[in-house]
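The values are calculated or read from the model by the stated rules, or taken from the named source; none is laboratory data. Remember, it's a predicted structure, so these values are computed and weren't measured experimentally. Reconstructed Cβ throughout: ideal geometry from the backbone, glycine too, with neighbour counts over all protein chains shown. Areas reflect the complete protein model, heavy atoms only, side chains present, ligands, DNA and RNA absent. Shrake-Rupley method; radii C 1.70, N 1.55, O 1.52, S 1.80 Å.
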Amino acid sequence: MCGIVGYIGSKKAKPILINGLLRLEYRGYDSAGISVIEGTSISTFKNKGRIKNLMDVPGINDLSGKIGIGHTRWATHGKPSSTNSHPHLDNENKISVVHNGIIENYSEIKDFLIKNGYKFLSETDTEVIPNLISYNLKQDKQNDALKLLRAIKKTCDALKGSFAIEVISSILPNNIIVVRKDSPLVIGKGENENYISSDIPAILSFTKDFYLLNDFEYAVLSENDIKFYNSELSPIEKQVKSITWDATAAEKDGFEDFMLKEIYEQPKSIRETIGSRIQKNSNCVIDDLLITKEYLSSVNKIFLVACGTAMHAGLASKPIFEKLCKIPVEVDVASEFRYRDPLLDDKTLCIFISQSGETADTIAALKLAKTHGSKTIAISNVIGSSITREADYSLYTHAGPEIAVASTKAYTSQIILLDIMAIYFSEILNICSSEEINSIKQEILDLPAKLEAVLKNTDKIKTFAKNVYKEKDIFFLGRGTDYAVALEGSLKLKEISYIHSEAYSAGELKHGPIALIENGVTVISIITNPVTAPKIASNIEEVITRGAKTFVITNQNLENSNFDELISIPNINPLISPILSVIPMQLFAYYISKEKGLDVDKPRNLAKSVTVE
Ligand code: M6R
């Protein structure tokens, strides 16, 4: 939530900052701003709304400074407005700060500063930061090059909460100082220039070499150099990481929206996630995961913990773990897990799933599991993300950058990686027949071609979306893994089309929800399991009788039923079917959003990575 960007070098900073902000806009888009050092003073421009509004602010194009910071906001404290947008300055306009995160003790600090004569213009938590830096500067009687850095450190030591902060100041006009705690920040190293960003893709077209900061590490950037310091301000060395992602992977590539591009990338992203982890006639290989038979035999529970779509990936994978590993699995919402005192010890294996690797609740849940002695595995799409630095083991989905706020290809890559992990554990435990394991492996290898087939056949989904886009409520039904997909289909629809929807386990329908079914209500069902297919088909008949419009996605032979529309998908083992059956759900949500003329990639009130609780 919130995107921050910075540039220091020999080029004009403003176009580079705007370019970075446009790429970070998915992290928040209610207001934006930049500060640039012009000679010895700081020029700041802000505006409410999208980055394009910032680009229209009179005078912004006259900026010629080569050092600057920028911010795109997702409001937490204070409504979206020009005054509340970042950067925020101290009372003397000498220190400019952008911040991603939340300062939990800001009102205490604000009171203290007000008592010391400081005035506040905004309703934000952030404004205390430049003013506290200013206060701390005045307390420091030493006059040396590290004076500003010391004041920033003293300020950060007083802050409670999360922050990634960039500071520029007219008293140190040739530097940018950055620091982070529990919020993402990367530094890109260029030739005679350096960059700062909340994530790698935003500055990938400028550099492929990055430094990752740990909590309470500081960096002082100049045009030709970056100096790093630990939490006590002792100089430290950091290794540069080279990223292999292609910058064009973060472009739209001819698609109307990132979301559509990412939906269509799934055959490729699934292939990348499978990589060499599954091969015919040999055991699965998961590099970097050192799990012994002795340890696995001692595990009495696996927790799959995540938020939102990533949590749905956990739900979709629970059955395969239980079937192939014979270990009970609990799927938890991270924000509940971290406060519910879960039963954890060294016999519980905890797997945390996060596309961004920056979700505050998921990271906190992982830290909690570690304190109880549980082994922790992180699954993320972002190399070097915070969660991967906390976990005992980190596995990457390799789905490529996911830019649209609504997650699609990350979800399917998370499921496939979890499925592979279940097979890998099962092979270590040696509890299933090789026929069973080999047949699932073959199905996984066949998946990309099946996804391609589903993606070629979208006309019926488009037409159905056209017919129902004005609906106020839509229901999703499924059983087993199909229920997990129903939940994800419902979430996608809510996120990008703003239509109220609910997902139910089809067997639960007559225990209450069927009261909501009346003439004309749309019910979407997923059926991929031959065992429960006749049962859910009867459940659908029950809603048809009550006047519902029905749309069914299935690979079962249900052609002669009374459904209004039926989409056939290829045959597949129900244990891994969510990867395939979710595609029509993603497209359905997408086409409805387009019919309604909404911004598919940047739905209202949402942000790509949720770095606050
Ligand atoms: O980056 P994460 O996977 O940890 O994000 C978790 C959720 O915030 C995320 O999946 C969210 O639900 C998406 N907007 C879903 O499309």
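Laid out as a table, the results:
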item	result
Tilt relative to the chain, helix 128-139 - C-alpha long axis, 0 to 90 degrees, to 10	30
Whole-number percent relative contact order across segment 141-284, with pairs defined as alpha carbons under 8 Å at least 6 apart	16
Estimated D of segment 467-583 in µm² per second, where Rh is the Kirkwood radius over Cα pairs and Stokes-Einstein applies at 4 °C, 1.567 mPa s	93
Degrees between helix 106-115 axis and first principal axis of the chain (Cα, 0 to 90, nearest 10)	20
For D332, residues with placed amide H under 5 Å, excluding near neighbours	L304, V305, A306
Interchain or long-range residues, amide H under 5 Å from S577's placed H	none
Those trypsin sites (Lys or Arg not before Pro) in segment 302-402 that DSSP places in a loop and that have at most 16 other beta carbons within 10 Å	K326, R340, K347
Neighbourhood net charge (9 Å Cβ-Cβ; Lys/Arg +1, Asp/Glu -1) for Y393	-1
Sulfur and carbon atoms: percent of accessible area, segment 444-536 [1.4 Å]	52
DSSP-defined antiparallel bridges as percent of all bridges, the chain, nearest 5	60
Using θ = phi - 60° and Karplus 6.51 cos²θ - 1.76 cosθ + 1.60, couplings along segment 43-57 (whole Hz; Gly, Pro as x)	9, 10, 10, 9, 7, 6, x, 5, 4, 4, 5, 5, 5, 8, 5
Fraction in percent of alpha-carbon pairs per bin - 10 Å, segment 261-354	14, 37, 37, 12, 1
Taking the C-alpha atoms of segment 209-332, convex hull volume expressed per residue in Å³	227
Estimated vicinal HN-Hα couplings, Hz - segment 87-94 in sequence order (Karplus 6.51, -1.76, 1.60; Gly, Pro = x)	x, 10, 10, 6, 4, 9, 6, 9
Angle between the chain longest axis and helix 434-456 axis [Cα atoms, degrees, rounded to 10]	70
Segment 14-71 and segment 106-156: distance between their alpha carbon centers, rounded to Å	24
Cut-off under 5 Å, modelled amide H: who pairs with D90 long-range	I95
Relative contact order computed over the chain (Cα-Cα under 8 Å; 6+ residues apart), in percent	12
Mean-position separation - Cα centroids, segment 306-327 and segment 396-440, in angstrom	10
In nm, spacing of pseudo-spin labels at E237 and D473 (7 Å Cα→C-beta vector)	6.5
Net charge contributed by nearby residues that have their C-beta within less than 14 Å of V531 (K/R +1, D/E -1)	+2
Hull-based mean projected area of the chain, where the convex hull spans the alpha carbons, in square nanometres	28.2
Cα pair count fraction exceeding 21 Å, expressed as % - segment 520-613	45
Inter-label distance, nm, simple model (7 Å from Cα along the C-beta direction), K460/E92	7.1
Within segment 410-446: backbone nitrogen closer than 18 Å to the W245 label point (7 Å, Cα to C-beta)	410-414
Partners for K472 among lysines (Cα-Cα distance below 25 Å; same-chain residues under 8 apart left out)	K460, K462, K492, K494, K510, K549, K594, K596, K602
Segment 66-216 pair-distance distribution - Cα-Cα, 5 Å bins, rounded %	2, 9, 19, 22, 21, 15, 8, 3, 1, 0
